[in-house]
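The values are calculated or read from the model by the stated rules, or taken from the named source; none is laboratory data. Keep in mind the model is a prediction, meaning the values are calculated, not measured. When we count neighbours, we look across all protein chains shown, and the Cβ atoms used for this are built from the backbone with ideal geometry, even at glycine.
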There are 4 protein chains.
Amino acid sequence: MRAVRVVGYHEKLEMTEVDVPEATGPWDVVVRIGGAGVCRTDLHILEGQWAEKSQVTLPYTIGHENAGWVHAVGSAVTNVAEGDKVILHPLVTCGLCRACRSGDDVHCENSAFPGIDTHGGYAEYLLTSARSCVRIDDALEPADVAALADAGLTAYHAAAKAARRLTPRDTCVVIGAGGLGHIGIQVLKALTPARLVVVDRIPAALDLARTIGADVGVPADGGQVEAVLDLTGGTGAEVVVDFVGENGSTAEGLAMTRQAGDYHVVGYGENVDVPTIDLVSSEKNVVGNLVGSYNDLQDLMALAAKGLVTLHTQKYALDDFQQAVTDLDNGDVRGRAILVP
Amino acid sequence: MRAVRVVGYHEKLEMTEVDVPEATGPWDVVVRIGGAGVCRTDLHILEGQWAEKSQVTLPYTIGHENAGWVHAVGSAVTNVAEGDKVILHPLVTCGLCRACRSGDDVHCENSAFPGIDTHGGYAEYLLTSARSCVRIDDALEPADVAALADAGLTAYHAAAKAARRLTPRDTCVVIGAGGLGHIGIQVLKALTPARLVVVDRIPAALDLARTIGADVGVPADGGQVEAVLDLTGGTGAEVVVDFVGENGSTAEGLAMTRQAGDYHVVGYGENVDVPTIDLVSSEKNVVGNLVGSYNDLQDLMALAAKGLVTLHTQKYALDDFQQAVTDLDNGDVRGRAILVP
Amino acid sequence: MRAVRVVGYHEKLEMTEVDVPEATGPWDVVVRIGGAGVCRTDLHILEGQWAEKSQVTLPYTIGHENAGWVHAVGSAVTNVAEGDKVILHPLVTCGLCRACRSGDDVHCENSAFPGIDTHGGYAEYLLTSARSCVRIDDALEPADVAALADAGLTAYHAAAKAARRLTPRDTCVVIGAGGLGHIGIQVLKALTPARLVVVDRIPAALDLARTIGADVGVPADGGQVEAVLDLTGGTGAEVVVDFVGENGSTAEGLAMTRQAGDYHVVGYGENVDVPTIDLVSSEKNVVGNLVGSYNDLQDLMALAAKGLVTLHTQKYALDDFQQAVTDLDNGDVRGRAILVP
Amino acid sequence: MRAVRVVGYHEKLEMTEVDVPEATGPWDVVVRIGGAGVCRTDLHILEGQWAEKSQVTLPYTIGHENAGWVHAVGSAVTNVAEGDKVILHPLVTCGLCRACRSGDDVHCENSAFPGIDTHGGYAEYLLTSARSCVRIDDALEPADVAALADAGLTAYHAAAKAARRLTPRDTCVVIGAGGLGHIGIQVLKALTPARLVVVDRIPAALDLARTIGADVGVPADGGQVEAVLDLTGGTGAEVVVDFVGENGSTAEGLAMTRQAGDYHVVGYGENVDVPTIDLVSSEKNVVGNLVGSYNDLQDLMALAAKGLVTLHTQKYALDDFQQAVTDLDNGDVRGRAILVP
Ligand SMILES: [Zn+2]
Ligand SMILES: [Zn+2]
Ligand SMILES: [Zn+2]
Ligand SMILES: [Zn+2]
Ligand SMILES: [Zn+2]
Ligand SMILES: [Zn+2]
Ligand SMILES: [Zn+2]
Ligand SMILES: [Zn+2]
Ligand SMILES: [Zn+2]
Ligand SMILES: [Zn+2]
């Protein structure tokens, strides 16, 4: 089969012919790829930024946002069968550690990360585990949802955690209506009737935010903290979800948060730097957010099946992988770039 | 009646004769003071540190940690009656705002703070509200529990919040076995069978901690983070409660916290300064903690009645108020100083 | 002012001229009635069914579903002011008991129930407490929302409790799309993206249910349990909310509930009669539901302000009270009958 | 190896020589039995009561309460290693269904039950799965804890669920201080400072209950409901855990439960038969309880390691299996009978 591989850092990806993987282990699943997302992380991998952390041996097949059809299953697989349409959780988890036994598999003590530290999905077939396979609805196509496997799942996870405490009277601020924020807004809209206030620098992003569920758009023009305080009678929002995490958004996000409220960190870049006296006197919480669990991905796919979460994609043939990577690097992709074998 | 008043900042307190307050409003309660805690905050008030924030008019009666016997009640009071032994929640709250209606009265939008912004308890009688009165068990004496009304209540609140997620398999680290930590350890011991690891600089504090429930004492000698990691198989503790909040304890506390764990800020002084990437990749939570609610004080008094939380006190006659203040300022009080009219 | 009074059981209501009530107590609020719901409970009162339980002294003014404008307030009232549009929680609660202090005021130990055990809202003015007043949005009219104060609030409470555990993958069955069910469906639709399956005997009720949010309508024709099992792959629904509670709905509701699921009782009539072995082996929960709290009413009014919960009403002048009562008794009211002074 | 087998219903068990099982599958674990509990369920199996439900093929090895040492592991096992001391969760679960992925493995859609529907632990070795193995503390011996794997785990599960809402002010009633109740009381004592009231017919059981943590013992002499109401100021207990479930205990348990309280069903026999109007007006919950999850067993073993839960056992050599069964049938076992190979 064809597979697109990292052959060296600061070198171009290369298409190679390799063997189709086989389901030799009992929980193995081989998936015929229907779509593989091209992600900014892939650019970083090529720049060598992940080399030390992943310890991956070159060459290897890149691509960590994958969906397709089950091609073959190991002897113990009961949750999917050949022919099933599936999206793949980005991690292959052990199933035995305390985190895995508690439904919190993202914190698995023994996980692999296809496309990062083992072979990924820029290929015709991918070897994964039954534990990573989420069946998707008949109405969904792998190439349309593949990119939800990573960024979309992160946004879902944060939004779903945030929504748990929101009541119809509350206000939730979303900082950043870009890739993750765009999903986060749709998820929040689906999960809670709380008022959604979206903050972004770009007017077009605010316009888009309003069409997908934002009740109010606030330009990030320096007056955004005051604007949120004005909207909330001076008290701030019960929950703030920060998909930016840099250029001052953390201090602003905390300033927009009500007493006893939650400030969720999703985007990253700068430090959260806050006096303990302020945390104590306001009793605010700073909540970290990693990618979502297997259950989160199941829930996200349920929302997608209902048409409540959609993603704009720009599709490329697998052979055009270089064009997709170049377009992404040049900012020429609208929505998410997807490779279709 | 006698009352000890702030007559000017950077001046000594003065004993004066004033009228006994009356229960004119329907929810008013007049309490005959049985004990009033002398707190470090009182020293700060005398230094003028609260002047701007409290906007209190001098002279006024100081003392915010109060317990005693109900002397008179207003027409609408149904929760206490004349003669009842009570401890007083430090805040007089409105009962009508959203926070009050949700049991979260500490975040009341219209509260008063006797001893800080209105007359307090260094006196024979104090005027408060039915909403602040917690009846105490026959087995408890006002002078023994008064000091639990403030610092004790803060420690209870943080410990009870922390305990909610602790299982018998978990480890909870308490940083600081001083005044608040001493109560926090007893509360945690009463609420959870999780392993309690206490970190403190002072060997005697660790010895005391062990006698009141700590399973392990760790000296804060620079090796405390490593010690906690060693105790937890390298992963850190599910929950860390930091009663110090300065001299590096925040970075150390976060470093001792397990992935997806909670780091509780109770003590204050320095900044929490943490890269967003660390919060995201570890999915840790930084949890602010203010003083406890009215319900928390009820729960704390239930623990005190069962003998599960005790406090060492050093009693002074009300007329000896200056001696108590001086002793506290000089570090000559073991446990808490209490004025007894 | 005019007031419609119960003068004897099994007698007709009478219009009388009485004094306008005054706000003499500090938390008193006098409300100029904008709309008072005519409820089936009112018919039961006239039949004497509540006489023993309420111990009310005749004559008294009936009417327990009230909304209007604040006319006068007592000295301590801070949450509403003269002129505010308000809906009234059906209970006047004490604010001091444990339930009230925990936001669970419905279980108040010292409550009054205007229209049941004291003067109600079939009148021009009503005396209530600040604790019962919920300000409503400018976009809402008292006569349009008054009937949400009782049945609507009960439906909200059950639906909101039920929604807490529902995920996008789950199914929620609503049994009964009548008065309460009609509100419950709208609330569930607003609070959760879970699939809503509505069961009712009447085809028109199912049609209406679909227009307000039901994903599937199931006729209660004897095959409803099997239909729900078919819809859920044989496992049953994660949550069932039973607004009927008679004619076999409890056994059917439990049979429709998945293992470890919740069966909510809202409507009443028959007994829940279930073998303990079935509760144990299935680990199902049977959840009782009373009317909602003050906070629930605030949340429901937030949904109403967003247009997410609406009620069909049929308005009558206060002077036409007898016509309204007769119409209700004859089944000639579509939606809810409202008296407008 | 030796194995004790069911060779026919209404026949005696037989000791046979069979092959030691091997760990051929990747998650297989072979355990050298250190202790196997002799349970009343085993008597029921011999009477044929489980034949239809389990569909087990005779002959097979009985014994579902097992602990011992890991003898061999499959290729994918990472949570235990040869030589580890382990107790075995009674179910072998799939790890792939929704319940398993959520930490709620007791509701697994594809589980096996060694000793019931496949070979169990009245033998020298047992084949199980890595997913069923819980490592136990060095201080614990397999033969001492084996019987906690079933009844103990059920009691833990109910008690831990019950404890979640208990505060220091609350009262928890335990009905039945027999086998399960005895563990439940110890677990509740470890998890909550709430007052524990234990109800039992037998004075000696109440005496024992007091020594292991009961604050109050109430004889079940017909006055137990009134006694609990007296103890709680007429309101009833926040939580009631019923380990009996027959002879009227369900109606009594519900009558002892406070408004908005939880009545937990653990023991079974009779029907819960309660008017819906009572559930609605009191807003009580009836909570079903099955055996605990894998995580529950981990937590229970943590309590056992701390010495907070202990069990009286009467040990028999494996060869004396018939004596153990006979003793149990005759009521001659104090605590739990354990077979030691
Ligand atoms: Zn990605
Ligand atoms: Zn980048
Ligand atoms: Zn794992
Ligand atoms: Zn203080
Ligand atoms: Zn307030
Ligand atoms: Zn009504
Ligand atoms: Zn009350
Ligand atoms: Zn019956
Ligand atoms: Zn058993
Ligand atoms: Zn399973």
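Can we say B:Leu279 is of a type outside the set (Gly, Ala, Ser), within 7 Å of chain A (Cβ to nearest Cβ) and closer than 30 Å to C:Cys97 by Cα? Against the criterion (of a type outside the set (Gly, Ala, Ser), within 7 Å of chain A (Cβ to nearest Cβ) and closer than 30 Å to C:Cys97 by Cα), B:Leu279 does not qualify.
Might you check whether a residue that is free of Cβ contacts under 8 Å to residues at least 24 places away in the same chain and in the same structural domain as B:Ala177 (by TED's automatic domain parsing) occurs anywhere in region B:252-270? Yes, there is a match, as at least one residue in region B:252-270 is free of Cβ contacts under 8 Å to residues at least 24 places away in the same chain and in the same structural domain as B:Ala177 (by TED's automatic domain parsing).
Within region A:30-53, the set of residues being within 14 Å of another protein chain (Cβ to nearest Cβ) and either within 16 Å of ligand 9 (Cβ to nearest atom) or out of contact with any His (no Cβ under 8 Å at 6 or more places or on another chain) (or both) comprises A:His44, A:Gln49, A:Lys53.
Do we have C:Val266 as of a type in the set (A, V, I, L, M) and within 14 Å of chain D (Cβ to nearest Cβ) here? Write out each step before concluding.
On the way: of a type in the set (A, V, I, L, M): yes; within 14 Å of chain D (Cβ to nearest Cβ): yes.
So C:Val266 passes the test.
Of all the residues in region A:49-68, those that are over 20 Å from A:Leu318 (Cα atoms) and of a type in the set (Ser, Thr, Tyr) number 2. For region A:187-196, a residue qualifies if it is over 15 Å from C:Leu166 (Cα atoms), in contact (Cβ under 8 Å) with a residue 40 or more places away in the chain and crowded, with 23+ Cβ neighbours inside 10 Å, and exactly one does: A:Ala194. Exactly one residue among A:Val70, A:Val77 is within 16 Å of ligand 10 (Cβ to nearest atom) and surrounded by 22 or more Cβ atoms within 10 Å (Cβ to Cβ), and that residue is A:Val77.
Going through (1) more than 10 Å from chain D (Cβ to nearest Cβ); (2) among the charged types (D, E, K, R); (3) under 17 Å from A:Leu297 (Cβ atoms) one by one, A:Arg131 falls short only on (1). Only residues that are touching a strand residue (DSSP E or B) at 6+ places or on another chain (Cβ under 8 Å), among the aliphatic types (A, V, I, L, M) and closer than 19 Å to D:Val274 by Cα were counted across region D:225-259, and they come to 8.
Considering D:Val56, D:Val73, the condition of being over 18 Å from the mean Cα position of the chain (by Cα), farther than 19 Å from D:Ala151 by Cα and within 14 Å of another protein chain (Cβ to nearest Cβ) is satisfied by D:Val73 alone. Among the conditions (1) in a helix (DSSP H, G or I); (2) among the polar types (S, T, N, Q); (3) more than 20 Å from C:Tyr268 (Cβ to Cβ), the only one that C:Thr154 does not satisfy is (3).
Of the residues making up region C:11-27, those that are touching a helix residue (DSSP H, G or I) at 6+ places or on another chain (Cβ under 8 Å) and either at pLDDT 95 or above or of a type in the set (D, E, K, R) (or both) are C:Glu11, C:Lys12, C:Leu13, C:Met15. Within the bounds of region D:161-169, is there any residue that is more than 30 Å from D:Thr235 (Cα to Cα), within 14 Å of chain B (Cβ to nearest Cβ) and away from ligand 6 (no atom under 16 Å from the Cβ)? Within region D:161-169 (the criterion being more than 30 Å from D:Thr235 (Cα to Cα), within 14 Å of chain B (Cβ to nearest Cβ) and away from ligand 6 (no atom under 16 Å from the Cβ)), the answer is no, since none of the residues qualifies.
If you go through region D:197-217, how many residues are crowded, with 24+ Cβ neighbours inside 10 Å, out of contact with any His (no Cβ under 9 Å at 6 or more places or on another chain) and not in a loop (DSSP other than H, G, I, E, B)?
4
Screening C:His182 on (1) modelled with pLDDT under 95; (2) assigned to a strand (DSSP E or B); (3) not aliphatic (A, V, I, L, M) shows it passes everything except condition (2). The residues of region B:185-196 that are in a helix (DSSP H, G or I) and not small (Gly, Ala, Ser), listed by number, are B:Ile185, B:Gln186, B:Val187, B:Leu188, B:Lys189, B:Leu191. For region A:106-120, state whether one or more residues are within 14 Å of chain D (Cβ to nearest Cβ), away from ligand 9 (no atom under 16 Å from the Cβ) and either closer than 20 Å to A:Phe321 by Cα or in contact with a Pro (Cβ under 8 Å, 6 or more places away or on another chain) (or both). Within region A:106-120, none of the residues are within 14 Å of chain D (Cβ to nearest Cβ), away from ligand 9 (no atom under 16 Å from the Cβ) and either closer than 20 Å to A:Phe321 by Cα or in contact with a Pro (Cβ under 8 Å, 6 or more places away or on another chain) (or both).
Per-residue answers, yes or no, for (1) farther than 21 Å from C:Glu22 by Cα; (2) in contact with a strand residue (DSSP E or B) (Cβ under 8 Å, 6 or more places away or on another chain):
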residue: C:Gln55; (1), (2): yes, no
residue: C:Pro59; (1), (2): no, yes
residue: C:Glu65; (1), (2): no, yes
residue: C:Val70; (1), (2): no, yes
residue: C:Ala76; (1), (2): no, no
residue: C:Thr93; (1), (2): no, yes
residue: C:Ile116; (1), (2): no, no
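Among the candidates B:Gly233, B:Gly217, B:Gly184, the residue that is within 18 Å of B:Met301 (Cβ to Cβ) and out of contact with any Pro (no Cβ under 6 Å at 6 or more places or on another chain) is uniquely B:Gly184. Checked against the criterion of being away from ligand 4 (no atom under 16 Å from the Cβ) and more than 14 Å from A:His119 (Cβ to Cβ), the candidates A:Gly37, A:Gly63 yield just one match: A:Gly37. Any residue at all in region D:102-124 that's within 16 Å of ligand 10 (Cβ to nearest atom) and touching a Lys or Arg at 6+ places or on another chain (Cβ under 7 Å)? Checking region D:102-124: at least one residue is within 16 Å of ligand 10 (Cβ to nearest atom) and touching a Lys or Arg at 6+ places or on another chain (Cβ under 7 Å).
Using the structure shown, decide if C:Asp296 is farther than 27 Å from C:Val134 by Cα and modelled with pLDDT of 95 or more. So C:Asp296 does not fit the description; no.
Assess whether C:Gly103 counts as being modelled with pLDDT under 95 and surrounded by 15 or more Cβ atoms within 10 Å (Cβ to Cβ). Give the derivation first.
On the way: modelled with pLDDT under 95: no; surrounded by 15 or more Cβ atoms within 10 Å (Cβ to Cβ): yes.
Spelling it out, it is not the case that C:Gly103 is modelled with pLDDT under 95 and surrounded by 15 or more Cβ atoms within 10 Å (Cβ to Cβ).
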